[in-house]
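J.: Let me give you the structure first, and then I'll get to my questions.
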Amino acid sequence: MATDYDEVRSDVKESQDRSLEALQSANAPDARSVVKELDEADALDEGLTPGGEIVSEELIVQVIPEAADEFTCYSCFLVRHRSQLVRESNGHSYCIECEG
């Protein structure tokens, strides 16, 4: 008698059916409730630092424009001095660390 090795064995098939039924009958949350819970958690975390302290300070950072003797590396996006310029191609500049 020929054996079909591609056919699913009956014990495996029953096990798969039982696990599918268990998953379908489980009391799992729907996608909307999960998104709502995440949004609520994000709203609570806005004023907290990683340690849990409430911070009400505004951080002020002064942005200094790129000087004439500086360039921004297109690979690492760091502002470098012109002495570290190795290559320019297609209007993009690359530093010695990224090309080395």
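Laboratory data are not the source of any read-out in this text; all were calculated from the coordinates shown. Since we're looking at a predicted model, the values are computed, not measured. Neighbour counts run over all protein chains shown; Cβ positions are idealised from the backbone, glycine included.
J.: Would you list Ser75, Ser93, Ser10 from fewest to most Cβ contacts within 10 Å?
T.: Ranking Ser75, Ser93, Ser10 by Cβ neighbours within 10 Å, fewest first, gives Ser10, Ser75, Ser93.
J.: What is the distance in Å between the Cα centres of segment 61-100 and segment 2-25?
T.: Using only Cα atoms to place each centre, the spacing works out to 60 Å.
J.: Among residues other than Asp69 whose Cβ falls under 11 Å from its Cβ, what is the net charge (Lys/Arg +1, Asp/Glu -1)?
T.: 0
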